[in-house]
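Engineer: Have a look at this one.
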Amino acid sequence: MILKCDTKIKRLIKNRPAFFSLLIISILYILSIFAPFVSPYDFDEEDRSLSYAPPTKIYLFDGFKIKPYFYKLNYRFDEFNRKIYYEDKSKKYFIKFFKRANPYRILFFKSDIHLFGADEKIYLLGADYRGRDIFSRIIYGSRVSLSIGLIGIFFTFFIGVFIGAISGYFGGFLDNLIMRLCEIIMVIPSFYLLLSLRSIFSYSLTSIQIYFIIVIIMSLINWAPIARVIRGMALSLKEKEFVLASKALGSSDIKIILNHIIPHTYPYLITSLTLSIPSYILGESALSMLGLGIQEPYVSWGNLLSEAMSIMQIKFHPWILFPGFFIFLAVFAFNVLGQSLRDIFDPKTY
Amino acid sequence: MTFIGFVAINLAPGNYFDTLKQNPQINPDTIELYKAKYHLDKNVFAQYYYWLINVLKLDFGYSFSYKIPVFSILKTRLFNTLILSLSVFFLSWFLGIPLGVFCAIKKNKFFDKIFSFFSFLAISFPTFFLALIFLYFGSLIGFLPLGGMRSFNYYELNKFDRFLDILKHLIIPTLVLSIPNIAILSRFMRASFLDELNNKYVLFLKAKGLSNKKIYLHVLRNSLNPLISIFGMSISGLLSGAALTEIICNWPGVGSLLLEAILAQDLFLFVGDLLIGGFLLILGYLISDILLSIFDPRIQYQ
Amino acid sequence: MENILEIKNLHTYFYIDSKIIKAVEGLNLSVRKDEILGLVGESGCGKTVSMHSVLRLLKEPAKIVKGEIIFNGIDLLKIEEKDMQKIRGKEISIIFQEPASSLDPLFTVGYQLEEAIANSNKIKKSDRRKIVFESLKKVKLDPKLKINSYPFRLSGGEIQRVVIAMALINNPKLIIADEPTTSLDVTVQAQIIKLLKGLKEGLRFSMILITHNLSLCYQLVDRIAIMYAGRLVELASSEIIFKEPLHPYTKALLACIPDLKSYREPLYNIVGSVPDPKSKPSGCFFNPRCPFKLDICKFKYPDFIEIKEGHFLSCHLYGNT
């Protein structure tokens, strides 16, 4: 039973978890689109003298006014020749909003205004080993990590739905063949499959090529469960009267599939596509973290975590783990949204 | 599945032999010998055929990067992965099922709500990130070994201390892998239990005058059945998740071997590893089928 | 004649979506020792709910709001749950309507019968086995064959026999049989009725037989209680009910029984339908459908009075005002 569109949207808004997850997701995507504006620095802006600088301590009150400021960082070496940072309290640096800094371009729109900045380096979430601002890198990285999900489900949708619908509608040998194929794909542990397929391609591709390869690989893995369910739906739908009626009126098979069968699958599709976005984000992150995904100098959340693979670094500079929280946040938000969508579409719970 | 892997690594450009050729220490004649012995000069299908035959004789070929037969590497790695998997399995099921039942009985009360929320969080948490966080906290605490399976003085210790040593190293990877598993299992168990409670025979059990405890035991028995079915599927997930965690925690198992083999372009190693992985998987499904037939009298074994 | 069970002014309501559904509204019923009482009424009139109330088997959102249920001198509604457990299955047993879903599919028949034995942990295993054997024989099932079978292997009739065996295994004083034959084939029905008759003659127990089938009562039952929309409308011996029914509803029910002699004549049916439990009519619940209704029937619910000895009635037509 397909409910009307506006009731669904109303329910979506009323459902608190769904609303909040949608809010979080929208914020993340807006941040990623406006990445250059939001980040104070470019993703590859280095400052080796401030390698592994800790997150800048921000003081909110200057006297009695709310005027956030911070101190410049100085360093000395301890007995192990490690850098220890301490604040140079001689001069206060104020955080300026809408500061002019590096110019950038978002689509067709040029500017050089950044959301905030200062005369000295401010590291909201700390710096990596090359002194690059982790906060900025995370924001830039969201572009890759979040977009992969969207583009991925685009492919998965097409492949999964069409193959599933055709398989269920026509049945017979074709159906069997496709279902066996789906089962094989679904049986293999996803990570193994991911690694294997990735290994087909060489290691020295450009990041853009790798990006698309990852998308394609993951689509190839993810379409299987969706196709199975769609095929089941097609199987039951094709016996229904309106399909027979359509046939009696002379519609071709393709027309029937497009107009009658596929629309009925929308509720399920929306839910499972939403729930499959996390797997794209996680898959890309995992690959990049292992060095098989997005490479330097481009940024993705997984890429950022690859520095965290070394235990020593985590122990002394735990802030390099921050990208992981963003991954978690995005995955969590999508999962909540997917679950809520499932509840909304299920006529039994409402 | 192995066929795909075989083809895959062969398609990967860059033959290991080229690297070997550049190594002046190795006699080029030896390389030719290896090439001939393992038929690497022939085309893909022939190679696969020969490899398959060899596998049946338990000859997995020769690892180029380790320079010892693949089989011996696989043996140890398999053992390691099994240790990890079994400990995760036991921990998850021993904690997950009781928690699930408890949540079902105290449905919608405080514990249930809090636990469900945390379960949801745990499922959404990326395993590799969880591993990293655990390693971080482990480093803070200081006494838990981080990564690897054996300390460097392992071979100097006596048998019992060796056992303890491995146990210590097991803690972090096991915890990391168990947490999402416990979450999923307990949710499933709760749902299954609640479903069963709605069955008619439960009312009859109450009418027979059985105490609540006995009724719950009956329901438990029935609600375990669907869980056994997903046992097979969870093996697949376990292997998958374990691989990544193994890599991060430096646990020398079948999963981390996969990555090494790919990076080293070690053909036989990679493919042998895939085979083992596939084997474990099928074993998992087989076990779950057998278990199901034991526990459900309605299923006949033909 | 002693009364083994006395239900006094029982009210059981369902609270759903801020609405109150009065499933049982003021039920007064007694069961004598060693008698079979038939509780008759259409679907939805509250028969099952009232019997489940007796054994306190109800779950949310149902609640027993008022009343007393006296069994052996104790008010069952006031005792603790663990004391109630001592009564269920041992002093009072119940047989459900659908035999197939009464048994746990994962355990053998023998196991479930053993489970039902009171204080089974105090009885030796070999004795328990004997008891189970005997109980299966009583219901005419071959113990050696059936004791280790699983429920899915048994036919509906066989399962119902097992359930009856379970109900009898502790020699209860009262058995509640909730439409025990409704879901069975007609031939099997006859067998079960014959079995129940035989058992009644051999053992001593009281039984409340819930049914919507009056002809079943004809074969088995001593007294009949007719229930409508949550209350009793008539109660008398079965002889009187069949020969001289007084309440219009009872008369209508009897008229509904197909008569072999009036072959091919249209079957009688009662005009209208059972009232929606959420909104029952004012006055006598049956008044919208009653062909004999008086003006007072629309306003005042007739009291349930003993108009002749042993014959109770709730109807304004017989001077109950």
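Engineer: With the requirement that a residue be aliphatic (A, V, I, L, M), under 22 Å from residue C:91 (Cβ atoms), outside any loop (DSSP other than H, G, I, E, B) and within 14 Å of chain B (Cβ to nearest Cβ), what does segment C:156-209 give you?
Structural biologist: Correct list: C:162, C:163, C:164, C:165, C:166, C:167, C:168, C:174, C:175, C:176, C:177, C:208.
Engineer: Next question, about the same structure. Assess whether residue C:38 counts as being more than 10 Å from every other protein chain (Cβ to nearest Cβ) and farther than 15 Å from residue C:177 by Cα. Lay out the reasoning, then the answer.
Structural biologist: Working: more than 10 Å from every other protein chain (Cβ to nearest Cβ): yes; farther than 15 Å from residue C:177 by Cα: no.
Taking the combined requirement at face value, the residue does not satisfy it.
Engineer: Right, something else. Quick check on this structure: which one of A:93, A:104, A:52 is under 23 Å from residue A:147 (Cα atoms) and either in a loop (DSSP other than H, G, I, E, B) or not small (Gly, Ala, Ser) (or both)?
Structural biologist: Exactly one residue qualifies, and that residue is A:104.
Engineer: Here is a follow-up. Scan segment C:136-143 and give yes if some residue there is crowded, with 18+ Cβ neighbours inside 10 Å and under 26 Å from residue C:53 (Cβ atoms), otherwise no.
Structural biologist: Looking through segment C:136-143, none of the residues is crowded, with 18+ Cβ neighbours inside 10 Å and under 26 Å from residue C:53 (Cβ atoms).
Engineer: Now a separate question. If you check residue B:203 against the conditions, is it within 14 Å of chain C (Cβ to nearest Cβ), part of a helix (DSSP H, G or I) and either in contact with a Leu (Cβ under 7 Å, 6 or more places away or on another chain) or modelled with pLDDT under 85 (or both)? Steps first, please.
Structural biologist: Working: within 14 Å of chain C (Cβ to nearest Cβ): yes; part of a helix (DSSP H, G or I): yes; either in contact with a Leu (Cβ under 7 Å, 6 or more places away or on another chain) or modelled with pLDDT under 85 (or both): yes.
Answer is yes for this residue.
Engineer: Please state which one of C:169, C:159, C:123 is closer than 24 Å to residue C:85 by Cα and modelled with pLDDT under 85.
Structural biologist: Result: C:123 is the single residue among C:169, C:159, C:123 that is closer than 24 Å to residue C:85 by Cα and modelled with pLDDT under 85.
Engineer: Next up: Being facing another protein chain (nearest Cβ under 10 Å) and surrounded by fewer than 18 Cβ atoms within 10 Å (Cβ to Cβ) is the filter here; which residues of segment B:216-235 pass it? Show your work before the answer.
Structural biologist: Taking segment B:216-235 first, the residues facing another protein chain (nearest Cβ under 10 Å) are B:218-219, B:221-222, B:224-225, B:232-233, B:235.
B:221, B:233, listed by residue number.
Engineer: Here is a follow-up. Evaluate segment A:236-249: report whether one residue or more is assigned to a loop (DSSP other than H, G, I, E, B), touching a helix residue (DSSP H, G or I) at 6+ places or on another chain (Cβ under 7 Å), in the same structural domain as residue A:223 (by TED's automatic domain parsing) and among the basic types (Lys, Arg).
Structural biologist: The answer is yes, given that some residue of segment A:236-249 is assigned to a loop (DSSP other than H, G, I, E, B), touching a helix residue (DSSP H, G or I) at 6+ places or on another chain (Cβ under 7 Å), in the same structural domain as residue A:223 (by TED's automatic domain parsing) and among the basic types (Lys, Arg).
Engineer: OK, next. Determine whether residue A:212 is modelled with pLDDT under 80 and assigned to a helix (DSSP H, G or I). Explain how you work it out, then say what you get.
Structural biologist: On the way: modelled with pLDDT under 80: no; assigned to a helix (DSSP H, G or I): yes.
No.
Engineer: Which residues, counting only those in segment C:49-59, are within 11 Å of another protein chain (Cβ to nearest Cβ) and not aliphatic (A, V, I, L, M)? Show your work before the answer.
Structural biologist: From segment C:49-59, those within 11 Å of another protein chain (Cβ to nearest Cβ) are C:51-52, C:54-59; that's our starting set.
Hits for segment C:49-59 are C:52, C:56, C:59.
Engineer: If residue C:140 satisfies all but one of (1) farther than 19 Å from residue C:196 by Cα; (2) away from chain B (no Cβ under 11 Å); (3) of a type in the set (Lys, Arg), what's the number of the condition it fails?
Structural biologist: Failing condition for residue C:140: (1).
Engineer: Same structure, new question: Is it the case that residue C:133 is over 29 Å from residue B:293 (Cβ atoms), buried (at least 19 other Cβ atoms within 10 Å of the Cβ) and hydrophobic (A, V, I, L, M, F, W, C)? Break it down stepwise before answering.
Structural biologist: Values: over 29 Å from residue B:293 (Cβ atoms): yes; buried (at least 19 other Cβ atoms within 10 Å of the Cβ): no; hydrophobic (A, V, I, L, M, F, W, C): yes.
It is false that residue C:133 is over 29 Å from residue B:293 (Cβ atoms), buried (at least 19 other Cβ atoms within 10 Å of the Cβ) and hydrophobic (A, V, I, L, M, F, W, C).
Engineer: Return yes when residue C:58 is without any contact (Cβ under 8 Å) to a residue 60 or more places away in the chain and not acidic (Asp, Glu) and no when it is not.
Structural biologist: Considered against the rule, which asks whether it is without any contact (Cβ under 8 Å) to a residue 60 or more places away in the chain and not acidic (Asp, Glu), residue C:58 comes out as yes.
Engineer: Can you tell me how many residues within segment C:86-104 are of a type outside the set (D, E, K, R), buried (at least 19 other Cβ atoms within 10 Å of the Cβ) and without any contact (Cβ under 8 Å) to a residue 60 or more places away in the chain?
Structural biologist: Qualifying residue count for the region: 1.
Engineer: Sticking with this structure for a sec: So, in segment B:246-269, how many residues would count as being modelled with pLDDT of 70 or more and facing chain A (nearest Cβ under 10 Å)?
Structural biologist: Total meeting the criteria: 11.
Engineer: Let me ask another. Go through segment C:75-119 and give me each residue that's more than 8 Å from every other protein chain (Cβ to nearest Cβ), assigned to a helix (DSSP H, G or I) and either at positive phi or in contact with a Gly (Cβ under 7 Å, 6 or more places away or on another chain) (or both).
Structural biologist: C:100
Engineer: Still on this structure, I have one more. For the list (1) modelled with pLDDT under 80; (2) farther than 24 Å from residue A:225 by Cα, I need the number of the one condition that residue A:262 fails.
Structural biologist: (2)
The values are calculated or read from the model by the stated rules, or taken from the named source; none is laboratory data. Fair warning: this is a prediction, and the values are worked out from it, not measured in the lab. Every residue, glycine as well, gets a Cβ built from its backbone with ideal geometry; the counts of neighbours run over all protein chains shown.
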